[in-house]
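Presented below is the structure to which this report refers.
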Amino acid sequence: MKAILKQGVLCVQCNSDTIILDTGSPVSLGTGSVLDLDGISIQTHRSILGHTWQSVEETIPFSATALVGTDQIGDRSICIDIQKQYATWGELLNSGSPLEMISGVPVIPAMLNGKSGHFFFDTGASICYVANESFLDGCEFVDHYEDFHPILGKFTTKLFSASLNMNENIANVDTGILPNALLSMMNALGIDGIIGTNSILSGEIQLDLTNHLYVFADADNGVPHDSWAHCYDELFEASFGSMLSHITGLTVELVSGLSEPSESILDVGAGTGRISGPLLQRGFYVSALDPSAGMLNQLRNRFPDHSNLELFHQPIATLKANERFNGALCVFTVSSYWLDEATLRDSLSAIYNALLPGGWLIIDRTLRDAFASTQFQTEKIQRQATVETLGDDIYRFTEKSKVISSSNSIEEANESFLIRFWQEDIFLDHALSIGFKLEQDLSHDFAGSGASFYLLRKI
């Protein structure tokens with residue numbers, strides 16, 4: 001079954017129907033008809049326990065045919081992978097991490113912000129929730145967030161950034177506070193909150209509600225571009241060479257106007273050094289950061305033992321380098337790899353903290369039109385990059401390309417990972433709330449690049 005997110009809610013698409021797959025619901029509602037989900041017959045009910053499909057449908061902010069709950073999973077498991085865009089039935093598990101079933105809903109023991117609790121696992125919830133605000137002590141307040149509940153309708157909650165640990169599978173997740181109308185029920189059941197779909201944006205989770213087990217597997221494709229770093233430049237040069245050279249030239253000249261050559265620059269998502277290289281050649285001190293060891297190795301091989309080059313092999317969100325850089329760069333779609341607002345904030349905060357007072361940041365935001373599939377072929381190169389929408393501004397990028405080397409051997413580039421389109425208001429609001437000032441919108445200067453460019457300044 002094809003799986004997508006609609007406003008954070010897990011849905012499967014069957015023919016032309018959109019069906020909510022809701023592990024937080026113990027019942028299945030619809031028109032009363034029988035649905036065929038990947039060869040399994042699913043019986044829906046028009047109404048149950050005073051709730052009708054019509055009343056529920058009116059509160060859902062998108063069009064759906066039915067809602068399938070845990071009562072129809074039966075003697076089988078369900079496998080969900082948002083990244084690979086599927087939900088499938090599987091065999092019952094013989095081993096895994098334990099879960100409970102309370103009131104027909106799976107309950108997973110987990111740690112939120114370092115505190116142990118028991119949480120409903122609810123694919124009908126877009127974010128995580130707590131019943132007790134003490135779980136969020138010390139967490140960063142983000143904003144107010146509007147959500148919906150099939151029974152309560154729309155409601156607003158405070159939103160915080162918290163760390164979620166599900167049996168050593170750790171993710172930073174946006175977390176809200178449950179509305180009062182649900183608190184008495186949660187307290188009576190001994191439930192501390194809800195784990196929503198923002199906890200499983202990467203990797204597969206398999207739920208066995210019969211044997212009360214689950215397995216969560218991290219995405220197995222590694223860091224984006226790492227496995228084919230050796231041919232990355234060749235592929236991208238063949239596909240977008242003139243445009244990339246133009247952007248590189250504009251960026252380097254912009255940096256040269258903002259800082260003296262003796263100053264230090266942080267290049268976030270430096271890759272193989274498309275911008276780090278020219279900056280080194282102009283005399284700048286460059287700290288190149290990238291989560292891919294393969295990409296950084298290519299950069300180091302280009303500039304062996306360069307005294308002005310420092311490498312950071314890590315995600316930007318984990319960088320601890322307080323007030324040491326005059327400026328920072330975060331361009332060439334780097335921000336598109338930040339999949340949720342927690343990562344967006346953590347990454348921007350790390351950059352902000354790494355800048356000296358008055359330091360600048362040049363950052364781009366990929367435009368939606370640029371999230372498009374690409375095909376390119378020459379005598380030496382065959383490139384096929386597919387971009388598929390998963391809903392809620394999340395896309396899956398799949399690379400299946402080949403390069404014929406100078407020795408006539410064939411090098412392959414194969415991988416798949418998630419990327420995110422950021423709406424401008426969300427993107428800039430987080431930057432400004434951290435403390436950046438929008439000094440200049442550079443998008444006009446970079447017209448045709450497929451991205452909006454901004455010059456931010458640390459106040």
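Readers should treat all values here as calculations from the given coordinates under stated rules, not as data from a laboratory. These numbers were taken from a predicted model, which means no experiment stands behind them. When we count neighbours, we look across all protein chains shown, and the Cβ atoms used for this are built from the backbone with ideal geometry, even at glycine.
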Give me S41, S25 ranked fewest to most by other Cβ atoms within 10 Å of their Cβ, as a rough exposure proxy.
-> S41, S25
Please work out the C-alpha center-to-center distance from the range 136-192 to the range 404-459 and express it in whole Å.
-> 30
For the range 86-98, Karplus-derived ³J(HN,Hα) couplings (6.51, -1.76, 1.60; θ = phi - 60°; whole Hz; x for glycine and proline) come out as 9, 9, 9, 7, x, 6, 5, 7, 9, 8, x, 8, x
Hey, what do the phi angles of the range 128-139 turn into as Karplus ³J(HN,Hα) couplings, whole Hz, using 6.51/-1.76/1.60 and θ = phi - 60°, x for Gly and Pro?
-> 8, 9, 10, 8, 10, 5, 5, 4, 9, 4, x, 7
Compute the acute angle (0 to 90°) between the alpha-carbon long axis of helix 424-434 and the principal axis of greatest extent of the alpha-carbon atoms of the chain; round to the nearest 10°.
-> 80
Rounded to the nearest 5, the percent of DSSP beta bridges in the chain running antiparallel is 80
Sequence-distant lysines (8 or more away, or on other chains) whose Cα lies within less than 24 Å of K380 | K400, K402
Top positive-direction residue, dipole computed over the chain with Cβ charges, set W360, I108, S202 | W360
Helix 180-189 vs. the chain, principal-axis angle (Cα, 0 to 90°, nearest 10) | 70
What lysines could a cross-link reach from K458, if we take a straight Cα to Cα line under 20 Å and drop same-chain neighbours fewer than 8 places away?
-> K320, K437
The list (i) -0.21, -0.80, -1.21; (ii) -0.33, -0.86, -1.06; (iii) -0.17, -0.69, -1.20 gives values of log10 I(q)/I(0) by the Debye sum over Cα atoms at q = 0.05, 0.10, 0.13 Å⁻¹, and only one came from this structure; which label was calculated from it?
-> (i)
Once the dipole of the range 226-458 is set up with Lys and Arg at +1 and Asp and Glu at -1 on Cβ about the Cα centre, which of T378, S416, P315 lies farthest towards its positive end?
-> P315
Of all DSSP beta bridges in the range 2-217, antiparallel share, percent nearest 5 = 85
Total lysine pairs whose alpha carbons fall under 23 Å of each other in the range 2-217 (8 or more apart, or interchain) = 5
How high is the relative contact order of the chain, in percent, counting Cα pairs under 8 Å that sit 6 or more residues apart?
-> 12
Within the range 276-430, percent of DSSP bridges classed antiparallel, to nearest 5 = 70
Where the only charges are on Cβ atoms (+1 Lys, Arg; -1 Asp, Glu), what is the dipole of the chain about its Cα centre, to the nearest 20 debye?
-> 400
For V331, net neighbour charge (Lys/Arg +1, Asp/Glu -1) across residues whose Cβ lies under 15 Å away = -4
Any chance you could check the Cα centroid distance between the range 1-41 and the range 245-296 for me, in angstrom?
-> 47
Which ordering of D305, D392, D192 is given by a fewest-first count of other beta-carbon atoms within 10 Å?
-> D305, D392, D192
Relative to the first principal axis of the alpha-carbon coordinates of the chain, what is the inclination of helix 293-302, with its axis defined by its Cα atoms, in degrees from 0 to 90 and to the nearest 10?
-> 10
Calculate, for D71 and E260, the FRET efficiency according to 1/(1 + (r/R0)^6) with r their C-beta to C-beta distance and R0 56 Å; round to the nearest 0.05.
-> 0.25
Using the number of other C-beta atoms within 10 angstrom as an exposure proxy, rank I42, I459 with the fewest first.
-> I459, I42
